[in-house]
1. Pop the C-beta distance of A:His202 and B:Asp338 into the FRET formula with R0 = 45 Å and round what comes out to the nearest 0.05.
2. Could you work out how far apart the two model spin labels at B:Arg77 and A:Lys15 are, taking each label as a point 7 Å from the Cα in the direction of the beta carbon, and quote it in nm?
3. Given the alpha-carbon gyration tensor of chain B, what are the semi-axes of its equivalent ellipsoid in whole angstrom, ordered largest first, with each equal to the square root of 5 times an eigenvalue?
4. Given the convex hull of the Cα atoms of the range A:115-168, what is a quarter of its surface area in nm²?
5. Evaluate peptide B:360-373: per residue, the Cβ atoms of other protein chains within 10 Å of its Cβ; return the mean as an integer.
6. So how much accessible surface do B and A hide from each other in total, probe 1.4 Å, in square angstrom to the nearest 100?
7. How many nm separate the modelled label positions at A:Glu192 and B:Val194, each set 7 Å beyond the Cα in the direction of the Cβ?
8. Magnitude of the Cβ-charge dipole of the protein assembly as shown, K/R +1 and D/E -1, about the Cα centre, nearest 20 debye?
Amino acid sequence: MKSERVLRIEGLCVKVGDAHILGGIDLEVRPGEVHAVMGPNGSGKSTLAHVLMGRHGYEVTAGTVTLDGTSLLELAPWKRAQSGLFLALQHPTEVPGVSLEAMLAEAAAAGGRDQVGIRESLLVEARRIGLDARLLDRPVNVDLSGGEKKRNEALQMSVIRPLYAVLDEIDSGLDVDALVAVAQRVKDATDEIGLGVLVITHFSRLLEVLEPDWVHVLSNGRIRASGGRELAERLEVEGYGGVLGEATDAPEVAVNLGVSETLITDPLA
Amino acid sequence: MPNAFNSSVSAALPGPEWLTDLRREAAEGIGDVVLPSADEEVWRYSRISELDLDRYVPLTKQVSPLGPVPISDAVDRNVVTLVLRNGWLETSSISAEAAELGVTVGRIGDLEDGATYFPSVLENPVDLFDHMNAAFTPEPIVIVIPDGVCLREPILIFLHTDADSAAVFPRLLMRCGSGSQATIVEHHSSSDVVSVVAPVLEAQVGNDARLSHALVQDLGSEVRQFAHQVFHVGQSAVLEAFVAGLGGCYSRTRTDCRLVGRGGEARLTAAYHGEGSQTHDFRTFQEHAAPDTTSELLFKGALDDASRSVYSGLISVEPEAVRTRAYQTNRNIKLSPDAWAHSVPNLEIETDDVICSHASTVSPVDEEQLFYLESRGIPTAIAERLLVEGFFEDVLARAPTEPVALALRATLVGRLVRRLHNSRTETPK
């Protein structure tokens with residue numbers, strides 16, 4: 001039986017040291033969907049992104065994550081990536097001495113994909129995302145500006161062509177041009193290759209281009225509210241306090257946001 | 001001192017009388033010189049206590065070859081190619097172009113003015129190995145680049161050891177005339193022998209001259225090496241000295257770089273990789289003896305298995321060396337929990353108005369970088385290999401010739417791939 005195509009997070013609880021950071025996250029991202037996770041600082045947004053890719057230092061105490069039926073949590077990060085997950089980092093790491101092309105060629109070889117054409121693909125995507133092609137020959141992220149690094153993350157995503165992408169504050173520190181370029185490329189990928197997107201952001205500006213199907217508000221390690229794009233607009237006007245009320249320890253039921261359903265369902269269904 | 005290292009052995013070596021006298025003098029003095037001890041700062045962490053000189057004898061004559069000297073393919077475009085076996089000159093060839101330009105290469109004993117070249121810039125032996133080299137070096141080799149001569153292709157020197165249980169003492173004496181330019185690549189190799197090699201290089205870089213030098217140490221796994229290289233850098237001259245540490249059981253390279261002329265510059269680089277129970281030991285001296293001199297040192301190594309490295313370096317700035325700029329950086333990657341790297345930078349500054357810096361690090365492969373590569377779908381072991389290759393990229397870019405850089409890159413990649421393969425076969429998943 002063919003497994004259902006969905007990135008499914010169920011009851012995910014995560015500890016860092018003694019601190020409980022995530023207290024039961026449920027999310028489903030289907031191909032072509034864009035889900036935005038918003039929330040105040042310290043709400044656990046970045047933890048969610050990192051734990052999905054299996055970064056060291058996070059302890060999953062409960063819950064499951066499956067990608068098209070494959071259980072991810074027991075896999076090494078590189079196996080998660082090979083299963084079709086991509087993580088764009090808030091602060092992309094500089095990797096001295098390793099070229100972008102060499103990195104992507106190794107990634108392709110390890111995943112049994114064709115290495116031929118990576119250069120071509122990089123050049124095409126660099127043009128599309130507006131990254132100076134001369135930067136392609138630099139070691140990964142070394143001496144790139146903040147905006148260039150983010151464009152570079154989007155570039156890698158486009159070349160790797162994952163099934164699902166987690167974008168961790170890819171808009172932070174980005175000028176408007178870069179923001180639009182990156183967001184547009186991600187949005188195009190949802191149409192062109194059916195990419196499912198989980199985008200973590202502080203700002204609704206990114207969402208104006210990305211047009212999320214769903215917006216989730218994360219606070220104190222739980223999703224307190226879910227809704228459509230208008231939720232992001234409300235957050236912009238009212239702030240987190242306004243939307244969530246004083247009750248940051250609110251019960252699991254979502255705040256009534258005036259949309260037909262507050263629980264996550266597939267809008268394409 | 002073991003009996004084998006005596007003046008009658010020294011006296012049996014070939015050469016003109018003046019050379020025999022110099023050697024005898026050194027040999028007679030050896031009795032007073034003690035084996036260094038790890039208590040001395042310059043020998044700290046050195047494994048010197050493991051050296052049993054009774055196991056080795058100095059050679060009085062060349063032994064018959066065990067096999068061909070391994071000579072890399074890069075030989076065809078060199079102006080000079082020298083092969084020394086066990087310290088004896090085996091073959092030498094000099095291009096017509098270099099001969100025409102007046103480049104001199106040969107045994108010191110064959111030169112009319114040989115006595116004027118020896119000793120050169122190593123005026124006083126600093127330790128027992130210098131003493132032994134002076135007493136037992138069979139055929140010091142002289143290389144002279146005349147004033148103003150620029151050699152486009154490198155001088156290649158193969159120092160090969162295939163005598164077993166031997167103490168081997170090659171010696172190279174270089175003089176780069178004013179305004180000359182040359183590149184020298186020394187390859188140190190051995191067959192599968194248990195021997196000790198104590199080579200000495202003395203190099204004088206004349207005013208406005210430029211010397212690029214590389215020592216590629218790829219000795220067999222039972223060979224101990226105690227190399228000493230001394231450079232004097234003249235006014236407005238530039239020295240680039242590069243060391244690659246790959247082989248040997250214990251391999252020590254002491255580099256004394258003395259900036260004797262105003263505005264002289266030196267760039268010192270090393271790349272080393274340890275595996276098994278190897279030790280790579282580097283001692284460097286950046287001596288600023290003239291104003292406006294610059295020295296910049298970058299030594300980088302990766303240590304696998306139970307291998308060790310030692311780096312200890314001293315920047316010294318003498319009172320007259322105002323406006324000195326001196327930098328010293330040593331970085332080490334530990335690839336195994338059993339590997340060790342000691343890094344001891346030191347400064348000794350006797351004047352104001354200088355810019356000096358030193359930095360050293362010893363750490364495993366960077367976790368952030370590893371996670372980043374893994375998050376792109378690269379398996380952990382391959383990601384580590386890429387990172388270690390990347391770690392060496394800047395030092396390999398400083399190799400004096402492209403063939404040296406390529407050969408080193410290939411050797412390192414070969415070792416890292418082998419490691420990857422071993423880790424796969426050991427822990428099948």
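1. For R0 = 45 Å, the calculated efficiency reads 0.50.
2. Those two pseudo-labels are separated by 6.3 nm.
3. 33, 26, 22
4. 4.0 nm²
5. Whole-number average of other-chain Cβ neighbours for B:360-373 is 4.
6. 2000 Å²
7. 6.6 nm
8. Value, rounded to 20: 1200 debye.
The values are calculated or read from the model by the stated rules, or taken from the named source; none is laboratory data. Keep in mind the model is a prediction, meaning the values are calculated, not measured. Note: ideal-geometry Cβ built from the backbone for every residue, glycine included; neighbour counts use all protein chains shown. Accessible surface is based on the protein model in full, side chains and every heavy atom, while ligands, DNA and RNA are left aside. Shrake-Rupley method; radii C 1.70, N 1.55, O 1.52, S 1.80 Å.
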